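The structure that follows is given in the form of structure tokens.
The values are calculated or read from the model by the stated rules, or taken from the named source; none is laboratory data. None of these values were measured; they are calculated from a predicted model. Positions of Cβ are generated from backbone atoms using ideal geometry, with glycine treated the same way; all protein chains shown enter the neighbour counts.
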Amino acid sequence: MKTKVLLLAFLFISFASVSFAQRLTAKTKYQIARIEETINGYLLTSEAGGASQAYLPAAQVMQVQGGTLMAQNATEQTSAKTAEALRPGHIVYVDLQGTAAVARVERPSAKGSVTDFLNLLQIDGEWKVVNQIRSVSDEQPAFTLK
């Protein structure tokens, strides 16, 4: 009798934990899809500055050029994009924890490859890019940790 009760308890706990994990996974997948929508808005920028909706107004774009830190307001930077910066790119990965996320986006450039690391926060139910770090390299990335 004890064995049957223990077996039933074990099966119930196993089923409950699998069900919880499935719900958590579905919620996470939904949030990642929402983040990807925001990033695709950034990637599909038009010269009219359409990407500014993806950014928080105070967001900064930072990069190092010739050993010097360059920082610019993200909405100003997107409105000044050239045809070079509008080349199609792709999302390499999205890492999500609660209301914070980090994404890596890569696209080709005449100078090599451009890699952007986007920091995102969920604010009032919307995902916004709060900061962007850019790296321009004439080499392909050596590796990506996943």
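Yes or no: residue 129 farther than 18 Å from residue 26 by Cα, among the β-branched types (Val, Ile, Thr) and surrounded by 16 or more Cβ atoms within 10 Å (Cβ to Cβ)?
yes
Please work out if residue 38 is closer than 25 Å to residue 126 by Cα, in contact with a strand residue (DSSP E or B) (Cβ under 8 Å, 6 or more places away or on another chain), in a helix (DSSP H, G or I) and at pLDDT below 60.
Spelling it out, it is not the case that residue 38 is closer than 25 Å to residue 126 by Cα, in contact with a strand residue (DSSP E or B) (Cβ under 8 Å, 6 or more places away or on another chain), in a helix (DSSP H, G or I) and at pLDDT below 60.
In this structure, does residue 144 turn out to be modelled with pLDDT of 90 or more and either in a strand (DSSP E or B) or in contact with a strand residue (DSSP E or B) (Cβ under 7 Å, 6 or more places away or on another chain) (or both)?
Considered against the rule, which asks whether it is modelled with pLDDT of 90 or more and either in a strand (DSSP E or B) or in contact with a strand residue (DSSP E or B) (Cβ under 7 Å, 6 or more places away or on another chain) (or both), residue 144 comes out as no.
Just to be sure I understand, how many residues within the stretch 64-106 are in contact with a Gly (Cβ under 9 Å, 6 or more places away or on another chain) and either more than 16 Å from residue 132 (Cβ to Cβ) or modelled with pLDDT of 85 or more (or both)?
Counting residues in the stretch 64-106 that are in contact with a Gly (Cβ under 9 Å, 6 or more places away or on another chain) and either more than 16 Å from residue 132 (Cβ to Cβ) or modelled with pLDDT of 85 or more (or both) gives 2.
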